[in-house]
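Here the structure is laid out as structure tokens; the discussion comes afterwards.
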Amino acid sequence: MSKKNIAVLVSGGGTNLQSLIDSEKSGMFRDSKITLVISSKPGVYALERAKNNNIPALTLSRKDYGSIESYSKALAETLKQADIDLVVLAGFLTIIDSQVYEAFPNAIINIHPALIPSFCGKGYYGLHVHEAALKKGVKVSGATVHFVTPECDAGPIILQKAVEVKQDDTPETLQRRIMEQAEWKILPKAVQLFCRDQLSVKDNIVYIKEN
């Protein structure tokens with residue numbers, strides 16, 4: 001297993017970033033490290049989390065760029081210059097184009113707060129996902145970690161974990177339970193598998209090699 005440099009892309013509070021920081025500190029990633037945090041918005045708490053843990057962080061603000069293309073070009077160049085091996089989208093709510101995906105094929109992963117292919121795609125993010133799940137009356141929801149491709153939420157699935165939906169749930173209580181019981185567990189696990197070279201993709205399906 002070679003040492004990997006990990007970049008975490010954020011747009012908000014950074015709870016998934018924190019789960020990755022805690023996992024790294026526990027030795028879960030062995031020699032691989034989070035070497036860069038990039039926020040698409042200034043002043044978010046995720047940047048404080050990076051600072052508190054001595055992780056280099058910067059803001060690449062979407063509004064400073066005239067188009068998705070120019071923003072994506074800057075992001076891809078920043079990641080390449082930082083010698084990044086794995087890009088983790090952890091609540092990164094900014095649209096990026098194929099320039100980034102092509103620079104990091106099967107090396108960008110995203111966490112989505114539902115069991116893909118349910119409640120995913122354009123417009124399904126944050127509380128909107130949980131609102132839709134409750135409106136449909138599903139009894140089980142959960143989270144999915146997947147490789148990112150140009151089509152929204154359609155990349156190869158790495159890991160999924162189901163979470164019970166309770167009858168008195170609100171979007172907020174369901175969001176919290178899915179974070180605690182699924183997201184904060186399977187995102188670090190997926191990063192660990194990547195860092196240990198245990199993931200391969202064939203015909204849009206992820207295969208996990210036994211250690």
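Mean residue ellipticity, 222 nm, helices only, the chain: the sum of -39500 (n - 2.57) across DSSP H runs of n ≥ 4, divided by residue count and rounded to 500, is -9500 deg cm²/dmol. In the context of the full set of protein chains, the range 14-76 has a per residue accessible area of 50 Å² (1.4 Å probe). Distant-in-sequence amide contacts of VAL37, defined by a placed amide H-H separation under 5 Å and a gap of 5 or more residues or a different chain, comprise VAL8, ALA57, LEU58. Under 5 Å between amide hydrogens, built in the peptide plane, is the criterion, and for ALA154 it picks out THR149 among residues at least 5 positions away or on other chains. Note on the chain: Kirkwood hydrodynamic radius from all Cα pairs is 17.4 Å, rounded to one decimal.
With Cα atoms as the point set, the range 87-152 shows a radius of gyration and Dmax of 12.6, 40 Å. Just the protein heavy atoms count here, and of the accessible area of the chain at 1.4 Å, carbon and sulfur take up 50 percent.
Taking Lys and Arg as +1 and Asp and Glu as -1, the other residues whose beta-carbon sits under 12 Å from that of SER39 total +3.
HIS112 sits among other residues whose Cβ lies under 14 Å from its own Cβ, and their net charge, with Lys and Arg +1 and Asp and Glu -1, is -1.
The distance between label points at GLU172 and TYR65 comes to 3.4 nm (points 7 Å beyond Cα on the Cα→Cβ vector). Highest mean packing comes first when the peptides 130-143, 43-56, 186-199 are listed by Cβ atoms within 10 Å, giving 186-199, 130-143, 43-56. Straight-line reach from LYS185: taking Cα to Cα under 18 Å and skipping same-chain neighbours fewer than 8 places apart, the aspartates and glutamates in range are ASP22, GLU24, GLU164. With the simple spin-label model, which puts each label point 7 Å out from Cα in the Cβ direction, the ILE95 to THR78 separation comes to 1.9 nm.
Extension gain for THR35 to ASP22 (0.36 nm times residue separation, less C-alpha to C-alpha distance): 3.3 nm. Dividing the alpha-carbon radius of gyration of the range 13-60 by the rule-of-thumb value 2.2 N^0.38 Å gives 1.10. Please list, or write none, the lysines whose alpha carbon is within less than 17 Å of the alpha carbon of LYS139, excluding same-chain residues fewer than 8 places away. Result set, ordered by chain and number: LYS161, LYS166.
The values are calculated or read from the model by the stated rules, or taken from the named source; none is laboratory data. Owing to the predicted nature of the structure, the values given are computational and were not obtained by experimental measurement. Here the Cβ is made from the backbone with ideal geometry for all residues, glycine too, and neighbour counts use every protein chain on show. Side chains are part of the model used for accessible areas, which takes the heavy atoms of the whole protein and leaves out ligands, DNA and RNA. Shrake-Rupley method; radii C 1.70, N 1.55, O 1.52, S 1.80 Å.
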